[in-house]
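The next block holds one structure in the form of structure tokens; read it before the comments.
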Amino acid sequence: MNLSALNKIATAMVAPGRGILAADESTSTIKKRFDAIGVESTADTRRDYRELMFRSTDAMAKCISGVILYDETIRQNAKDGTPLVKLIAQAGSIPGIKVDKGTKPLPFCPGEVITEGLDGLRERLVDYRSLGAKFAKWRAVIDIAPGIPSYDCLLTNAHALARYAALCQEGDIVPIVEPEVLMDRDHDIDRCATVTEWVLKTVFEQLYYQKVALEGMVLKPNMVVPGMKSAKQASATEVAEKTVRALKACVPAAVPGIAFLSGGQSDEDATAHLDAINRLGPLPWPVTFSYGRALQHAAQQAWKGKPENVAAAQRAFSHRARMNGLAAQGQWQADLERKAA
Ligand code: 13P
């Protein structure tokens, strides 16, 4: 393992004013997104859609430090034959790869899941590295419901995350460690805070036991938010304060950076929350975005699969990238959204 090289990549992934584009939707997830805009999901439509984002060169260069790809995409060429990985690198952004294989029910833990994908991972990482990946992502999923999560679920998922992270570092790939506490239900913000702290403590304990070098990773956590169906929603200030409190209590300063997932927040909430978090700085680590839905939703709506809409989709994508780039520095303002509209 070359820790100083890993640290350099991790630091570049959270560079000031830049964040990560999560474009690693599995084939079944991207089909759902395309169904919503009436587009057939084929290898070519998936390529065309992702290519339009990677060719948003100004936004990519200024605001997108890295792109998480799916197995299909890292092997695909743009319409003109240029490998998509090369397009990303030419835009000054770092290519990365999702390596987990999704979730399965966790035995004897009703309603809970475990992320799979460790078997053969060492060999797959060698392949991905040869294809240009400099970092990887593994997502663990923790749900909140009555009696859930269980310690069994937290421990098995944290153990798998640490096994993945150690294999990545052994192969000179920076692991994004993503333990996601879901926001799909009706719990309040304090329950999310309690569970998020428990999850993060468990994850960092496993990272320690499995000898993962914190200097060579990036953490991708959820923000501390109420469940989407909670009757008690929270202000951006409350989200920011409770998120920062949980992170400071659990995330060692040796971690080069934190890049949040958006998790189902609206585009503007995801931006406003990131901005409010950074306004509470200085924080022990750079704090930025690694958004999937909150960076892409507007672009998908503008695109709708039509070549004549590509420029509008690129404008929509670039706008969200710029807004989140500002939020990563605590410099976003709501009226910048209105002006663009
Ligand atoms: P969302 O921002 O849509 O939650 O996706 C981020 C991600 O990469 C989930 O693994």
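Rule-based calculations on the coordinates, nothing more; no lab input. As the structure is a prediction and not an experimental result, all values here were calculated from the model. No Cβ is skipped: glycine too gets one built from the backbone with ideal geometry, and neighbour counts run over all protein chains shown.
Computed values, structure above
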read-out: Residues whose placed amide H lies under 5 Å from that of Val141, excluding near-sequence neighbours; value: Thr115, Glu180
read-out: Rotationally averaged projected area of segment 155-314 (alpha carbon convex hull; nm²); value: 10.8 nm²
read-out: Theoretical FRET efficiency, 1/(1+(r/R0)^6), r = Cβ-Cβ of Arg245 and Asp80, R0 41 Å, to 0.05; value: 0.25
read-out: Stretchable slack from Ile37 to Ser235, in nm (0.36 nm times residue separation minus alpha-carbon distance); value: 68.2 nm
read-out: Two-site FRET efficiency, Asp58 against Glu215, from Cβ-Cβ distance with R₀ of 22 Å, rounded to 0.05; value: 0.10
read-out: Extension gain, Glu72 back to Leu280 (0.36 nm per residue minus Cα-Cα distance, nm); value: 70.9 nm
read-out: Summed residue charge, Cβ within 11 Å of Pro256's Cβ, Lys/Arg positive, Asp/Glu negative; value: 0
read-out: Protection proxy ranking, peptides 115-125, 317-327, average beta carbon neighbours within 10 Å, highest first; value: 317-327, 115-125
read-out: Per-selection metrics, segment 71-163 (Cα): Rg and Dmax in Å; value: 16.8, 53
read-out: Net charge of Cβ neighbours under 15 Å - reference Cys63; Lys, Arg +1; Asp, Glu -1; value: +3
read-out: Cα convex hull of segment 271-341 - mean projected area over all directions, nm²; value: 4.9 nm²
read-out: Kirkwood Rh (inverse of mean 1/r, distinct Cα pairs), segment 170-217, angstrom; value: 12.5 Å
read-out: Relative frequency of Cα-Cα separations exceeding 22 Å in segment 48-205, percent; value: 50 percent
read-out: Solution diffusion estimate, µm²/s, Stokes-Einstein, segment 57-111, Kirkwood Rh from C-alpha pairs, 37 °C, viscosity 0.692 mPa s; value: 250 µm²/s
read-out: Packing-based exposure ordering (other Cβ within 10 Å, fewest first) of Leu167, Leu21; value: Leu167, Leu21
read-out: Alpha-carbon Rg/Rh ratio, for the chain, with Rh computed the Kirkwood way; value: 0.94
read-out: P(r) histogram, all alpha-carbon pairs of segment 1-58 included - 5 Å bins from 0, percent; value: 4, 15, 18, 17, 13, 12, 12, 7, 2, 0
read-out: Local electrostatic count at Ala328 - Lys and Arg +1, Asp and Glu -1, tallied over other residues with Cβ under 12 Å; value: +3
read-out: Unit charges on C-beta of K, R, D, E only; dipole of segment 66-181, Debye; value: 380 debye
read-out: Cα-based Kirkwood hydrodynamic radius, segment 205-246, one decimal, Å; value: 12.7 Å
read-out: Dipole moment magnitude, nearest 20 debye, segment 1-100 about Cα centre, only Lys, Arg, Asp, Glu C-beta charged; value: 260 debye
read-out: Helix runs (DSSP H) in the chain reaching 24 Å along axis by Cα, Kyte-Doolittle at least 0.0; value: 151-170, 189-209
read-out: The chain: relative contact order in percent, alpha carbon pairs under 8 Å with at least 6 residues between; value: 20 percent
read-out: Length gained when the stretch Ser26-Thr194 is fully extended (0.36 nm per residue, less Cα-Cα span); value: 57.5 nm
read-out: Förster-model FRET efficiency, 45 Å R0, Lys304 and Ser150, C-beta, rounded to 0.05; value: 0.60
